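The structure appears right after this line, and notes come after that.
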Amino acid sequence: MRIRRELLEYLLDMARNFYPNEFGGFLRERDGVFEEVLIIPKGHFGKSSIFFDTYLLPHDDDIKGTVHSHPGAPLPSKADLNFFSKFGGVHLILGFPFEEWSIKAYRSDGSEEKIEILD
Ligand SMILES: [Zn+2]
């Protein structure tokens, strides 16, 4: 996946601010680059899991992925993998301590995807 550095830094800031809770959002892509996030309303964040209910999803063809933070390692939980497989697209997990090296991206089949940061 390709993502703007600006967006990535914004997401890391959000993750730090929400810690120890998780935050989540949908990622919008333009010309093959992720450039925008739609943050999921606050009531849906918790300590253990993010509710990625699809009813939260606005009708928007540019949404090609999701992001959420973990208070620990950026490894997908069983629920995450289940969600990824239904949603398709790419999924970022921001792990503690929310630095560039603690971010991982996954495809809908749960395999890891390389992250290319564009300045
Ligand atoms: Zn998760």
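The numbers here are math on the coordinates, done by the rules we state, and not lab data. Values in this document were obtained by computation on a predicted structure and should not be read as measured data. When we count neighbours, we look across all protein chains shown, and the Cβ atoms used for this are built from the backbone with ideal geometry, even at glycine.
Here are the numbers for the structure shown:
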| quantity | calculated |
| --- | --- |
| The chain: relative contact order as a whole-number percent, Cα under 8 Å and 6+ apart | 28 |
| Spatially proximal aspartates and glutamates relative to LYS64 (Cα-Cα < 12 Å; intrachain offsets below 8 disregarded) | GLU29, ASP31, GLU35, GLU36 |
| Extension gain, ARG5 back to ALA79 (0.36 nm per residue minus Cα-Cα distance, nm) | 23.8 nm |
| Length gained when the stretch ARG107-LYS86 is fully extended (0.36 nm per residue, less Cα-Cα span) | 6.5 nm |
| Neighbour net charge for ASP119 - beta-carbon separation under 14 angstrom, K R +1, D E -1 | -2 |
| Global geometry of the chain, whether rounded, prolate or oblate, following the gyration tensor of its Cα atoms and the 1.5 cut on a/c | rounded |
